[in-house]
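As structure tokens, the structure follows; a few thoughts come after it.
The values are calculated or read from the model by the stated rules, or taken from the named source; none is laboratory data. Note that the structure is predicted; figures quoted are calculated from it, not measured. Cβ sites come from the backbone with ideal geometry, for glycine too, and all protein chains shown count toward neighbours. Side chains included, ligands, DNA and RNA excluded: accessible areas come from the protein's heavy atoms. Shrake-Rupley method; radii C 1.70, N 1.55, O 1.52, S 1.80 Å.
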Amino acid sequence: QVQLVESGGGLVQAGGSLRLSCAASGGTFSTYSMGWFRQAPGNEREFVSGISRSGITTSYADSVKGRFAIARDNAKNTVYLQMNNLKPEDTAVYYCATVRSTIALRNPGEYNYWGQGTQVTVSS
């Protein structure tokens with residue numbers, strides 16, 4: 001059983017930055033690829049970014065490419081999402097999740113463990 005705890009969300013003005021963290025426990029972190037997803041009210045949960053088990057391979061949704069950066073520290077069992085140049089449309093609850101795959105997948109249905117989410121609100 002893996003537990004995931006996200007942190008770092010908050011209220012920020014458009015153009016600002018936030019760094020989300022996701023701390024994992026209860027499993028072997030380095031055996032999971034990790035994904036960040038978000039869900040705004042009335043919308044489906046959508047893929048934001050993913051990182052492979054090794055940290056070598058990363059992927060991004062087109063909407064965040066060039067603004068967000070994902071990283072992981074397997075020694076600290078933590079994955080990060082640096083979010084720069086935030087826009088009001090980035091407002092959502094952000095979740096991290098694990099997937100037993102060599103690389104991160106974009107389909108949330110493939111993921112097995114999820115955190116409780118952290119709210120990100122970007123004001124215009």
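If each of T121 and A75 carries a label point 7 Å out from its Cα toward its Cβ, how far apart are those two points in nm?
So the label points at T121 and A75 sit 3.8 nm apart.
Report the net charge of residues surrounding R67, where surrounding means a beta-carbon distance below 10 angstrom and charges are Lys +1, Arg +1, Asp -1, Glu -1.
So the environment of R67 carries a net charge of +1.
Which value results when the Cα radius of gyration for the chain is divided by 2.2 N^0.38 Å?
Rg over 2.2 N^0.38 Å, computed on Cα atoms: 0.97.
For the range 1-71, run through the trypsin sites (Lys or Arg not before Pro) and keep only the ones in DSSP coil with at most 14 other Cβ atoms within 10 Å of their Cβ.
Taking the range 1-71 and a limit of 14 other Cβ atoms within 10 Å, the loop trypsin sites (Lys or Arg not before Pro) found are K65.
Relative contact order (percent) for the chain, with alpha-carbon contacts under 8 angstrom and 6 or more residues of separation?
It comes to 36 percent, rounded to a whole number.
May I ask you to give the solvent-accessible area per residue for the chain, in square angstrom, as obtained with a 1.4 angstrom probe?
It amounts to 49 Å² per residue over the chain.
Report the gain in length on full extension from Q39 to N107: 0.36 nm times residue separation, minus Cα-Cα distance, nm rounded to one decimal.
23.1 nm
What does the net charge come to around N84 if you take all other residues with beta carbon closer than 13 Å to its beta carbon, with K and R at +1 and D and E at -1?
Value of the local net charge: +3.
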